[in-house]
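*Asks:* Submitted below is the structure of interest, expressed as structure tokens.
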Amino acid sequence: MTFEIAKVFAAAFSALALFGVALSMGRVVSSGLESIARNPSASGDIQKFGILGMAFTEALGLFVLFVILLILFAV
Amino acid sequence: MIKVGKPMKQFDIHELVPFELGQFNVAFTNSALWMVIGILVMSAFIFMGTRRASVVPGRFQAVVELFYEFVFGLLHAQTGDKGLKYFPFVFCIFSFVLMGNLLGLIPHSFTYTSHLAVTFALAFIVIVTVTLIGIARHGLHFFSLFLPSGTPLWMAPLMIPLEVTSYLMRPVSLSLRLFINMMVGHILLKVFAAISASIGIAGLLPTLVNVGITGLELLIAFIQAYIFALLTSIYLKDSIDLH
């Protein structure tokens, strides 16, 4: 296997990390929805923290993309 | 034929006014130009809003006050009254990052927060300031930050390297988060626009989606600036109150 092919494989398999990111993002949304259903009057605060949590979780996925770009173009 | 175009070209830095200082190249670049524009726009926004300041604010002044109180509430919720001394610092960081993110959404402009050099410099300023504040307030006692109170002593050899590492990783994650979000958002916009432009009349619907993505980018631009300022004030709280 040449170096170029190995690089592409490494980049492709790094995308597996998105599995965890997707799971955690789903957890943020589902627990947010559940808590709004339990206590609708607190929905404003929950929405705020939900969006914040989504942004933090999304950043993890983007870190993966950063690593992939490094593997493809910088190594 | 679908063309993706050159999505990375928008991040190129050109020298507008070449200038060399010794062996260092300190040219005035388009990145610097947009930083100046950002600061001017922000200053104009605040000065114009408060020029004829009155107790009952007009429309413009109300917007400026909303902006000010937003950052004030953000800092006050984290640090309480003790942290208000550092409010100008957090306000400057927030408005600089926000201007970078928002001005980048103007077509043909340049997003200076999409460069790791800029965001890391900002994060470095934050972390050095926070550390200095902590040392100035607590002296050597500041280093108890690395051993949370209530930890059993036999855990110390494990906890201290962990806490030190996480402390040193703060500027990295802080800068990477902003940089990556901005870069990826702009690549996404560019690729999607290039694809929908290259498929002709069928690209009408994808163009509408692109409008939606631009709206999403507007939200992300704001949220990332908010998160940057929020984490800055959380770090400030850590070094003001320790654990």
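The values are calculated or read from the model by the stated rules, or taken from the named source; none is laboratory data. None of the values given here were measured: they were computed from a predicted structure. Note: ideal-geometry Cβ built from the backbone for every residue, glycine included; neighbour counts use all protein chains shown.
*Asks:* Filter the stretch B:209-243 for residues that are closer than 19 Å to B:Thr113 by Cβ, among the polar types (S, T, N, Q) and away from every other protein chain (no Cβ under 14 Å) and give the result.
*Replies:* Listed by number, the residues that qualify are B:Thr214, B:Thr232.
*Asks:* Given the conditions (1) in a helix (DSSP H, G or I); (2) more than 21 Å from B:Phe124 (Cβ to Cβ), and given that B:Gly38 satisfies all but one, which numbered condition is not satisfied?
*Replies:* Single failed check for B:Gly38: (2).
*Asks:* Follow-up question, since we're still on this one. Which condition does B:His141 not pass, out of (1) in a helix (DSSP H, G or I); (2) surrounded by 14 or more Cβ atoms within 10 Å (Cβ to Cβ), if it passes all the others?
*Replies:* B:His141 satisfies all of (1) in a helix (DSSP H, G or I); (2) surrounded by 14 or more Cβ atoms within 10 Å (Cβ to Cβ) except (2).
*Asks:* With B:Val172, B:Val164 as the choices, which residue is within 26 Å of the chain's Cα centre (by Cα), at pLDDT 90 or above and away from chain A (no Cβ under 14 Å)? Full working, then the answer.
*Replies:* On the way: B:Val172 fails: away from chain A (no Cβ under 14 Å).
None of the others qualify; the one that does is B:Val164.
*Asks:* Restrict the check to the stretch A:30-40 and report whether at least one residue is at pLDDT 90 or above, within 24 Å of B:Gln224 (Cα to Cα), surrounded by 11 or more Cβ atoms within 10 Å (Cβ to Cβ) and among the polar types (S, T, N, Q).
*Replies:* Applying the first criterion (at pLDDT 90 or above) to the stretch A:30-40 yields A:30-40.
The next check asks that each one be within 24 Å of B:Gln224 (Cα to Cα); those that pass are A:30-33.
Narrowing the set further to residues that are surrounded by 11 or more Cβ atoms within 10 Å (Cβ to Cβ) leaves A:31-33.
If we keep only those that are among the polar types (S, T, N, Q) too, we end up with A:31.
Scanning the stretch A:30-40, I find at least one residue that is at pLDDT 90 or above, within 24 Å of B:Gln224 (Cα to Cα), surrounded by 11 or more Cβ atoms within 10 Å (Cβ to Cβ) and among the polar types (S, T, N, Q), so the answer is yes.
*Asks:* Here's a follow-up. Can we say A:Glu58 is modelled with pLDDT under 90 and at negative phi?
*Replies:* Numbers: modelled with pLDDT under 90: yes; at negative phi: yes.
Against the criterion (modelled with pLDDT under 90 and at negative phi), A:Glu58 qualifies.
*Asks:* Next question, about the same structure. Of the conditions (1) of a type in the set (Gly, Ala, Ser); (2) under 29 Å from B:Phe91 (Cα atoms); (3) surrounded by 17 or more Cβ atoms within 10 Å (Cβ to Cβ), B:Ser196 satisfies every one except a single condition; which number is it?
*Replies:* So B:Ser196 meets the others, but not (2).
*Asks:* Do we have A:Glu4 as surrounded by fewer than 12 Cβ atoms within 10 Å (Cβ to Cβ) and either at pLDDT below 90 or within 23 Å of B:Ala225 (Cα to Cα) (or both) here?
*Replies:* The answer is yes for A:Glu4.
*Asks:* In addition: Restricting attention to the stretch B:170-182, does a residue exist that is within 30 Å of B:Leu116 (Cα to Cα) and touching a Gly at 6+ places or on another chain (Cβ under 7 Å)? Spell out how you get there, then give the answer.
*Replies:* As a first pass, look at the stretch B:170-182 and keep what is within 30 Å of B:Leu116 (Cα to Cα): B:170-182.
From the residues that got through so far, the ones that are touching a Gly at 6+ places or on another chain (Cβ under 7 Å) too are B:182.
Yes - at least one qualifying residue is present in the stretch B:170-182.
*Asks:* Has the stretch B:103-110 got at least one residue that is in contact (Cβ under 8 Å) with a residue 12 or more places away in the chain, part of a helix (DSSP H, G or I) and buried (at least 17 other Cβ atoms within 10 Å of the Cβ)? Steps first, please.
*Replies:* The initial filter retains those residues of the stretch B:103-110 that are in contact (Cβ under 8 Å) with a residue 12 or more places away in the chain, namely B:103-105, B:109-110.
This time we only want the ones that are part of a helix (DSSP H, G or I), so: B:103.
Then keep just the ones that are buried (at least 17 other Cβ atoms within 10 Å of the Cβ); that gives B:103.
Checked the stretch B:103-110: at least one residue is in contact (Cβ under 8 Å) with a residue 12 or more places away in the chain, part of a helix (DSSP H, G or I) and buried (at least 17 other Cβ atoms within 10 Å of the Cβ).
*Asks:* Pick from the stretch B:179-191 the residues that are more than 9 Å from chain A (Cβ to nearest Cβ) and touching a Ser or Thr at 6+ places or on another chain (Cβ under 7 Å): which of them is nearest to A:Leu60 (Cα to Cα)?
*Replies:* Result: B:Met182.
*Asks:* Specify which of the listed residues (A:Gly61, A:Gly50, A:Gly20) is within 14 Å of chain B (Cβ to nearest Cβ), surrounded by 12 or more Cβ atoms within 10 Å (Cβ to Cβ) and over 19 Å from B:Phe179 (Cα atoms). Steps first, answer last, please.
*Replies:* Numbers: A:Gly61 fails: over 19 Å from B:Phe179 (Cα atoms); A:Gly20 fails: within 14 Å of chain B (Cβ to nearest Cβ).
Result: A:Gly50 is the single residue among A:Gly61, A:Gly50, A:Gly20 that is within 14 Å of chain B (Cβ to nearest Cβ), surrounded by 12 or more Cβ atoms within 10 Å (Cβ to Cβ) and over 19 Å from B:Phe179 (Cα atoms).
*Asks:* Which condition does A:Ile71 not pass, out of (1) at pLDDT below 90; (2) in contact with a helix residue (DSSP H, G or I) (Cβ under 8 Å, 6 or more places away or on another chain); (3) within 14 Å of chain B (Cβ to nearest Cβ), if it passes all the others?
*Replies:* (3)
*Asks:* Also, quick follow-up: Filter the stretch B:192-208 down to residues that are farther than 21 Å from B:Ile106 by Cβ and among the aliphatic types (A, V, I, L, M) and give me whichever is farthest from the other protein chains (Cβ to nearest Cβ). Walk me through how you get there before you give the answer.
*Replies:* Applying the first criterion (farther than 21 Å from B:Ile106 by Cβ) to the stretch B:192-208 yields B:195, B:198-206.
Within this subset, residues satisfying the condition of being among the aliphatic types (A, V, I, L, M) are B:195, B:199, B:201-202, B:204-205.
On the way: B:Ile195: 18, B:Ile199: 25, B:Ile201: 32, B:Ala202: 28, B:Leu204: 29, B:Leu205: 26 Å.
This residue is B:Ile201.
*Asks:* Tell me which of these B:Thr151 doesn't satisfy, since it passes every other one: (1) part of a helix (DSSP H, G or I); (2) more than 14 Å from chain A (Cβ to nearest Cβ).
*Replies:* Going through the list (1) part of a helix (DSSP H, G or I); (2) more than 14 Å from chain A (Cβ to nearest Cβ), B:Thr151 breaks only (1).
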